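Each reported figure results from applying straightforward, stated rules to the coordinates on display, with no laboratory input. What you see is a predicted model; the values in this text were computed from it and never measured. Please note: Cβ atoms are built from the backbone with ideal geometry, for glycine as well, and neighbour counts cover all protein chains shown.
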There are 2 protein chains.
Amino acid sequence: MFSWVDGQPADTLAVKNRGLAYGDGVFETIAVKAGRPTLLARHLHRLVEGGARLSIGVDAQLVERELLAAAALLGEGVLKLVITRGDSQRGYAADPLAAPRRLVLANAPAAYPVSHAQQGVRLFDCQTRLAEQPLLAGLKHLNRLEQVLARSEWSSPDYAEGLMRDTSGRLVEGVFSNLFLVRDGHLLTADLSRCGVAGVMRAELLAQAERLGIQVQVRDLWLADLEGADEVFVCNSVYGIWPVYAFVSLNWSAGPLTRKLQSLARAVLDV
Amino acid sequence: MFSWVDGQPADTLAVKNRGLAYGDGVFETIAVKAGRPTLLARHLHRLVEGGARLSIGVDAQLVERELLAAAALLGEGVLKLVITRGDSQRGYAADPLAAPRRLVLANAPAAYPVSHAQQGVRLFDCQTRLAEQPLLAGLKHLNRLEQVLARSEWSSPDYAEGLMRDTSGRLVEGVFSNLFLVRDGHLLTADLSRCGVAGVMRAELLAQAERLGIQVQVRDLWLADLEGADEVFVCNSVYGIWPVYAFVSLNWSAGPLTRKLQSLARAVLDV
């Protein structure tokens, strides 16, 4: 595969980059099909919003041109785009004149077992909790040690994902997915104002639900909500939707609303 | 100045390094005097402990040799040492065979005004709160967006440091310092089991206080503790101790215990 730094082929980055020093940046993980980035408008929207919240200038037009060019070259696979605040000297204070740096990493398609989408997945019960930090909540920023710790908790292929709670015990998300519950034909997903990553597929599904007239509640979720759910699924912008069939002693079948949204998710990823 | 990656001169690092991808690593900032790293044993101890908590293997003997060699070359200045979990493919799961990577960055001596140590400093009242995450508390890891946001809150040279609280309102630390209060001849400093960085100079001062028979309380600190303090100071392993003379409407003079510990801190940094 290939990588570009500021639009030029490169497989290294300056050691003074603030992405390395402090995780001072944001990223997107974008599925590429038939030479085109999928869900591009939503990825660019989140990137610009994340940059704005961290005061990192994102040139969306330049990024879009680079993503289109990289996707055309890649054909099929996954692009990772990283925007950091750029380089700086020692110390947390940023150089206001430092130019943000763009990194594009092209990867092969994700190789998940077909059964994850068909039969569904079992979720690991992660003990790593998400800290509550409203200033960073929702952002796909580069401070991801909580996800690294959570993902290190299991190695068995019996678990395709892990369920993460916040430090107060609310159910928030998967390690690399967002979580949805179905109850009485309604959708529920976690409010992400304290922690969590507001996924691009989550945003797409919320928009699709509105279009279809499906009622959605975005609110705090607790174990009781999971226990009372008729269907459970996780989603992200690379694999779409995986039904969840088990978590600890709870079990579900992949229900009709999960299957309906799954085919919609597949459609936007197969563009 | 110069930089080494895995012991070799280099000013770039692989774009696949997990330090960049996730902030997956730890670091130390070490003052160098007369060709020697100061407080080296304490820095190495924290590095190994941090690596152990994150399951990143740190070869302390190799790191020590590199730091001694880099310090000899630098003569006087500041060494930043970063240990990351190494390189990996896309995804949070680490490759258990990936070798941790060592980065040494040599910098010129920190250029703080002499008045910071002599007359003391005014602290900015940071609105960025520290999230409570026991799994990462105390560690000097690479997820430092909270410090980046806090440091961006002020640009006036009237403030040499900023005071950070946690999301529950406890006083925790400075953006790049630890906080100590003096009350009735006793020392108080924040308990760091929920958040904060357990500084090497803080550890040195706690050890010195024990040696001198000064009573120390390591506990939760609140605004009332600050209001009732006879003396206030901040510390780190580069500048030693700065007395604090003002925070919002509160004022203090640099008192006898601050001055005594300041001269001890200067002595260990002037080795």
> Using r as the Cβ-Cβ distance of A:A34 and B:Q8, and R0 as 41 Å, what FRET efficiency do you calculate, to the nearest 0.05?
Replying inline: 0.45
> Taking amide hydrogens as modeled 1.01 Å from N in the peptide plane, which residues meet the under 5 Å criterion relative to A:V172, leaving out close sequence neighbours?
Replying inline: A:M164, A:R165, A:D166
> When the dipole is taken about the Cα centre of segment B:192-252, and only Lys, Arg (+1) and Asp, Glu (-1) are charged at their Cβ, what size is it in debye, to the nearest 20?
Replying inline: 220
> Working from the pairwise distances between different alpha carbons, so that the mean of 1/r is found and then inverted, what is segment A:114-269's Kirkwood radius in Å?
Replying inline: 15.4
> How far apart are the B:A10 label points across copies, placing each 7 Å from Cα toward Cβ, in nm, shortest first?
Replying inline: 1.5
> segment B:132-190: percent of C-alpha pairs farther apart than 19 Å?
Replying inline: 37
>> Let me test this: with uniform point scatterers at the alpha carbons of the protein assembly as shown, what is the Debye-based log₁₀ I(q)/I(0) at q = 0.09, 0.11, 0.12 1/Å?
In response: -0.69, -0.98, -1.14
>> Among A:A69, A:Q8, A:V58, which residue has its Cα furthest toward the positive end of the charge dipole of segment A:3-107, with +1 on Lys/Arg Cβ and -1 on Asp/Glu Cβ?
In response: A:V58
>> If I model a spin label as a point 7 Å beyond the Cα along the Cα-Cβ vector, how far apart are those points for A:R219 and B:K260 in nm?
In response: 5.9
>> Using the Karplus curve 6.51 cos²θ - 1.76 cosθ + 1.60 with θ = phi - 60°, what ³J(HN,Hα) values do you get for each residue of segment A:212-219, in whole Hz, with x for Gly and Pro?
In response: 8, x, 8, 6, 10, 10, 9, 7
> Points 7 angstrom from Cα along the Cβ direction at B:E64 and A:E76: gap in nanometres?
Replying inline: 5.4
>> Give the average, rounded to an integer, of partner chain Cβ atoms located within 10 angstrom of each Cβ in A:124-131.
In response: 3
> For the protein assembly as shown, with only Lys/Arg (+1) and Asp/Glu (-1) charged at the beta-carbon, what is the dipole magnitude about the Cα centre, in debye rounded to 20?
Replying inline: 600
> For helix B:60-74, what angle does its Cα long axis make with the longest principal axis of chain B, in degrees from 0 to 90 and rounded to 10?
Replying inline: 80
>> Looking only at chain B, where both bridge partners belong to it, what percent of the DSSP beta bridges are antiparallel (to the nearest 5)?
In response: 80
> Listing B:C126, B:C195 from the residue with the fewest other Cβ atoms within 10 Å to the one with the most, what is the order?
Replying inline: B:C126, B:C195
>> Please give the charge dipole size of segment A:3-107, origin at the Cα centre, charges +1 on K and R Cβ atoms and -1 on D and E Cβ atoms. Round to the nearest 20 debye.
In response: 180
>> Given the options B:W252, B:T189, A:M201, identify the residue whose Cα lies farthest towards the positive end of the charge dipole of the protein assembly as shown (+1 on Cβ of Lys, Arg; -1 on Cβ of Asp, Glu).
In response: A:M201
> Using alpha carbons only, how many degrees (0 to 90, rounded to 10) separate the axis of helix B:256-269 from the longest principal axis of chain B?
Replying inline: 20
>> Positive end of the dipole of chain B, charges at C-beta (+1 Lys, Arg; -1 Asp, Glu), about the Cα centre: which of B:M164, B:A99, B:G138 has its Cα farthest in that direction?
In response: B:A99
> With each pseudo-label sitting 7 Å past Cα toward Cβ, what's the A:L212-B:N251 distance in nm, one decimal?
Replying inline: 6.7
> What 222 nm value per residue comes from the helices of chain A, counting each DSSP H run with n ≥ 4 as -39,500 (n - 2.57) and dividing by all residues, nearest 500 deg cm²/dmol?
Replying inline: -8500 deg cm²/dmol
>> With an 8 Å Cα cut-off and a minimum separation of 6 or more residues, compute the relative contact order for chain B in percent.
In response: 19
> Taking other Cβ within 10 Å of each residue's Cβ, how do B:V63, A:V172, B:V200 sort, fewest first?
Replying inline: B:V63, A:V172, B:V200
> By what distance, in whole Å, do the Cα atoms of chain A stretch along each of the three principal axes, largest value first?
Replying inline: 53, 41, 37
